[in-house]
Amino acid sequence: MGSTTAAVAVAAHGAGGGGLPSGSTLMLLVGFSAVLVAVMAAVPVLRRGGPALVPILAVGQLGAHTTLAFGGGGHHADMSSGPIGGMSTQMLAAHAVAIGVCAALIAAAERIGPRTEAALRAIVAAVVVAIPVLERPRSWRPVAEVHPLVSALCRVSVSRRGPPLFV
């Protein structure tokens, strides 16, 4: 939801007469999108979508527009003019269309999500069945003989030389 809102907001902002955002403005927009998604995840009414989707998308577009306008997004209009928050009529119309586009994209994703999951489950099940499995496991053979550290130290420290032969 956050990335869709940000991407469509950038497109709407450009269509409404604003310029393309710079790198720092994009980072601000990503941060705003993360906050928007965190708020949606924290509030149970917003998680369900449905009627709460359009108001949260409107807040997302307004916040994204503000981020783009103040972050150097090439805003050409005077911020004090315009019907709502300094937005020109063209900019307001572009962000209103963006709300509808976001709502349609999210509704389509929610509709095809379960079908996609079912298809992926079927594909994974078919691939897993097709992988050959050995009937009996192979016997384990050590690659090298392993001696504990203590026995290795004792072998080195104990002299192997005996008494003289004629004693």
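The values are calculated or read from the model by the stated rules, or taken from the named source; none is laboratory data. All of these numbers come straight from a predicted model, not from anything done at the bench. Methodologically, a virtual Cβ is constructed for each residue, glycine included, from the backbone with ideal geometry; neighbour enumeration extends over all protein chains shown.
If the condition is being part of a helix (DSSP H, G or I) and surrounded by fewer than 16 Cβ atoms within 10 Å (Cβ to Cβ), then the range 41-57 contributes ALA41, ALA42, PRO44, VAL45, ARG47, GLY50, PRO51, ALA52, VAL54, PRO55.
For residues that are farther than 19 Å from LEU57 by Cβ and in a loop (DSSP other than H, G, I, E, B), scanning just the range 84-109, find the one that is modelled with the highest pLDDT.
Initially, the range 84-109 is screened for residues farther than 19 Å from LEU57 by Cβ, giving 86, 88-90.
Next, only the ones that are in a loop (DSSP other than H, G, I, E, B) stay: 86, 88.
Working: GLY86: 59, SER88: 78.
Of everything passing the filter in the range 84-109, SER88 is modelled with the highest pLDDT.
For the range 21-40, name all the residues that are outside any helix (DSSP H, G or I) and in contact with a helix residue (DSSP H, G or I) (Cβ under 6 Å, 6 or more places away or on another chain). Matches in the range 21-40: PRO21 only.
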